[in-house]
Amino acid sequence: MRGMGEYQLEVNGDTQPVSAPDHWTLLEVLRYRLGLTGSKQGCDKGDCGACTVLVDGKPVLACLTLARASEGRAITTIEGLMPAHLRAGGTGADPLQQAFDRCGALQCGFCQPGMILSARALLDRCPQPSREDMRDALSGNLCRCTGYTQIFEAIESAVAEKLQLQPKLRSWEAQRAAKESTR
Amino acid sequence: MLRLPKFELCTPTTVAEAVALLAESPDAMIVAGGTDLVPNMKHELFTPSRVVSLAQVRELRGICRNADGSLAIGAMTSLAEVAASELVRAQAPALAQACSLVAGPQLRTMGTLGGNVLLDTRCQWYNQTYFWREALGFCMKKDGEVCHVVKGGKNCVAAASNDSAPPLMTLGATLEFASPRGRRAIAIDDFWVADGIFNKKVERDEVLVSIQVPKAPAGHRGAYGKLRDRGSIDFPLLGVAVRLDLDAQGAVEHADVVVTALAAQPKRITKLDAILRGQRPGTPEFEAAVAEAAALAHKQCKPLPNIPGDADYRRDMVPVYVKRTLLAASRGEGPVHHV
Ligand SMILES: Cc1cc2nc3c(=O)[nH]c(=O)nc-3n(C[C@H](O)[C@H](O)[C@H](O)COP(=O)(O)OP(=O)(O)OC[C@H]3O[C@@H](n4cnc5c(N)ncnc54)[C@H](O)[C@@H]3O)c2cc1C
Ligand code: SF4
Ligand code: FES
Ligand code: FES
């Protein structure tokens, strides 16, 4: 049928058959055909980054990607991080997911899948990023709740854990330490 | 949730195939990275029955240096690649800087240089959902007859908003197109028309193949300045590209400034070369000439209330950004932006 596509998408390491109209975005196919609702539908027009997925390891916006034009590319969604970590011999969720949890880097959580994927791509190409690198890498992911500080701290915490560095004090820990030292 | 209107998607793998697919269907449109066309289709500004994706056309990707030292940038090269390319950064710094300031990282990975050159003009009455446009009353760029920006106006004045256009103009770039009639090249300076409805000289069945950037002289300096409220979301409220070519003694041999996000086409500041020529960066005379050039730009640039951002404020920022970007270029620095 014209305008209807039968094709394959490689999502989280598995090749999946897809049958969807040509005008569906990758976000719609992920959420409403493949049941992968981790990628969030926010603005649906490229502003917010909630729909961020990795295509060949790079963050892109699924809400502006035509699904069928992604044939032959490796797509990673938030659902794929833990299985990939386990396959690589790790335990539990991806260390970044654990660090976001540990550091309280979310409130409502809507931005989190996109944030974590942008952060994952950053750490894969730059294992010890500066705050400036993080700010740049996450600049296309908006968060209406946290004020970003805990998000940067979570990435720093994951880096410290991986490289076995002394983790930096978090903002509130630093404030408390300063207060205590003047007491 | 914003759904796309229905269309048939074609995914050719060669330019020849893409040209044929376009020619076959009278209302077909090309999609490159989709970061302009997809939101516009979601807003029902375009409803083509066929969309031809260039995503699989490998011959359109990449940057290379021609035998004469000029650069050939494939239309499908991503903005991120252009911004990071050592060749572009060395030979065309203003272009690399402009591409590095487009939107956020995801959009620079998806968006292409070709798509950026061919970006639709923008207006706050136009880049809205169908529901919003209908509620407000349509305008002549789409579905209606009047202009909400210039009351009683006969022409659409939606703003040229592509960050790559000003630097490509200062660099004297050429655009190469393929169509059923063969290949043609056009200088980017001659490419624009003062019509916000469609501000480019390109036919519907033409595929932009490459952007050619001539070799700049050894003393070439370039920089880009961009005013915006929010780094990753906003299109330019003002874009300023600067070119300064210095001679062997370090004095300005040629100066060029092109400003965008004012009206339907980017604007070259005239009579500016004469002010800066012969001045040596770092001297008080150069600084005075820069101030004079900035005042000249202020006189020549009159932003319209077409895009967000107060038009008077955008006008006040013209001399500020022209001055800062000229100084940055003279020092081999840039880009200039505050968010
Ligand atoms: C939130 C957001 C912020 C943005 N901010 C900016 C900004 O600050 N500055 C800026 O300049 N842009 C901005 N953009 C727009 C866009 O991301 C870029 O301009 C990008 O470079 C467009 O390229 P594309 O490949 O995605 O174009 P597409 O959307 O694929 O195409 C754009 C137009 O060009 C045509 N076209 C594309 N390639 C060809 C070709 N090879 N031959 C013939 N026709 C072609 C298409 O038919 C379409 O009409 C923003 C977009 C969003 C969503
Ligand atoms: S400038 Fe006028 S005609 Fe053009 S898009 Fe804006 S309101 Fe519509
Ligand atoms: S949902 Fe894709 S950017 Fe907001
Ligand atoms: S936690 Fe709510 S948007 Fe980020």
Within region A:55-103, restricting to residues that are in a loop (DSSP other than H, G, I, E, B) and surrounded by 14 or more Cβ atoms within 10 Å (Cβ to Cβ), the one that is farthest from ligand 2 (Cβ to nearest atom) is A:Ala93
Based on what the data block shows, is B:Gly69 away from chain A (no Cβ under 12 Å) and on the phi > 0 side of the Ramachandran plot? yes
Just name the residue that is farthest from B:Asn66 (Cα to Cα) out of those in region B:78-116 that are among the charged types (D, E, K, R) and either within 9 Å of chain A (Cβ to nearest Cβ) or without any contact (Cβ under 8 Å) to a residue 12 or more places away in the chain (or both). B:Arg108
Could you grab the pairs with beta carbons closer than 7 Å, sequence gap of 6+ or different chains, first residue in region A:69-88 and more than 14 Å from chain B (Cβ to nearest Cβ), second one surrounded by 18 or more Cβ atoms within 10 Å (Cβ to Cβ) and of a type in the set (Lys, Arg)? A:Leu81/A:Arg120
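Inspect region B:243-262 for any residue being closer than 25 Å to B:Gly62 by Cα and either without any contact (Cβ under 8 Å) to a residue 24 or more places away in the chain or buried (at least 23 other Cβ atoms within 10 Å of the Cβ) (or both) and give the result as yes or no.
yes
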Any residue in region B:208-230 that is in contact with a Phe, Trp or Tyr (Cβ under 8 Å, 6 or more places away or on another chain) and either closer than 23 Å to B:Leu22 by Cα or not assigned by TED's automatic domain parsing to the domain that holds B:Met317 (or both)? yes
Report, by residue number, each residue of region A:56-92 that is on the phi > 0 side of the Ramachandran plot and either touching a Ser or Thr at 6+ places or on another chain (Cβ under 8 Å) or of a type in the set (S, T, N, Q) (or both). A:Gly57
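Please tell me if A:Ser118 is within 16 Å of ligand 4 (Cβ to nearest atom), at pLDDT 95 or above, farther than 19 Å from A:Leu81 by Cβ and touching a helix residue (DSSP H, G or I) at 6+ places or on another chain (Cβ under 7 Å). Please lay out each step first, then the result.
On the way: within 16 Å of ligand 4 (Cβ to nearest atom): yes; at pLDDT 95 or above: yes; farther than 19 Å from A:Leu81 by Cβ: no; touching a helix residue (DSSP H, G or I) at 6+ places or on another chain (Cβ under 7 Å): yes.
Spelling it out, it is not the case that A:Ser118 is within 16 Å of ligand 4 (Cβ to nearest atom), at pLDDT 95 or above, farther than 19 Å from A:Leu81 by Cβ and touching a helix residue (DSSP H, G or I) at 6+ places or on another chain (Cβ under 7 Å).
One line per residue, one yes/no per condition, for (1) near ligand 1 (Cβ under 10 Å from one of its atoms); (2) touching a strand residue (DSSP E or B) at 6+ places or on another chain (Cβ under 7 Å); (3) in a loop (DSSP other than H, G, I, E, B):
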| residue | (1), (2), (3) |
| --- | --- |
| B:Arg3 | no, no, yes |
| B:Pro12 | no, yes, yes |
| B:Ala18 | yes, yes, no |
| B:Leu21 | no, yes, no |
| B:Gly34 | yes, yes, yes |
| B:Glu44 | no, no, yes |
| B:Val52 | yes, yes, no |
| B:Glu59 | no, no, no |
Looking at B:Ala274, B:Ala328, which one is over 24 Å from B:Cys123 (Cβ atoms), more than 21 Å from the chain's Cα centre (by Cα) and either away from ligand 2 (no atom under 16 Å from the Cβ) or β-branched (Val, Ile, Thr) (or both)? B:Ala274
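Let's see how each residue does on (1) more than 19 Å from the chain's Cα centre (by Cα); (2) of a type in the set (Asp, Glu):
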position: B:Phe7; (1), (2): yes, no
position: B:Leu22; (1), (2): yes, no
position: B:Gly34; (1), (2): no, no
position: B:Glu44; (1), (2): yes, yes
position: B:Arg50; (1), (2): yes, no
position: B:Ala75; (1), (2): no, no
position: B:Leu79; (1), (2): no, no
position: B:Leu95; (1), (2): no, no
Can you confirm whether region B:217-224 contains a residue that is closer than 22 Å to B:Leu118 by Cα and buried (at least 24 other Cβ atoms within 10 Å of the Cβ)? yes
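Only one of these is within 15 Å of ligand 1 (Cβ to nearest atom) and out of contact with any helix residue (DSSP H, G or I) (no Cβ under 6 Å at 6 or more places or on another chain): A:Ala69, A:Ala62. Name it.
A:Ala69
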Checking A:Met134 against (1) more than 14 Å from chain B (Cβ to nearest Cβ); (2) of a type outside the set (D, E, K, R); (3) surrounded by 13 or more Cβ atoms within 10 Å (Cβ to Cβ), the condition it does not meet: (1)
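Residue by residue, here is whether (1) more than 14 Å from chain B (Cβ to nearest Cβ); (2) farther than 20 Å from B:Asp229 by Cα; (3) of a type in the set (Lys, Arg); (4) surrounded by 19 or more Cβ atoms within 10 Å (Cβ to Cβ) holds:
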site	(1), (2), (3), (4)
A:Asp124	no, yes, no, no
A:Ser139	no, no, no, yes
A:Ile155	yes, yes, no, yes
A:Ala158	yes, yes, no, yes
Being within 8 Å of another protein chain (Cβ to nearest Cβ), under 22 Å from B:Phe198 (Cβ atoms) and touching a helix residue (DSSP H, G or I) at 6+ places or on another chain (Cβ under 6 Å) is the filter here, so list the residues in region B:6-32 that pass it. B:Val31
Which condition from (1) within 16 Å of ligand 3 (Cβ to nearest atom); (2) away from every other protein chain (no Cβ under 14 Å); (3) crowded, with 19+ Cβ neighbours inside 10 Å is the one that A:Cys145 breaks? (3)
So for region B:35-48 (the condition being free of Cβ contacts under 8 Å to residues at least 24 places away in the same chain and more than 9 Å from chain A (Cβ to nearest Cβ)), does at least one residue qualify? yes
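The values are calculated or read from the model by the stated rules, or taken from the named source; none is laboratory data. Bear in mind the structure is a predicted one, so any value in this text is a computation, not a measurement. Virtual Cβ from ideal backbone geometry, glycine too; neighbours counted across all protein chains shown.
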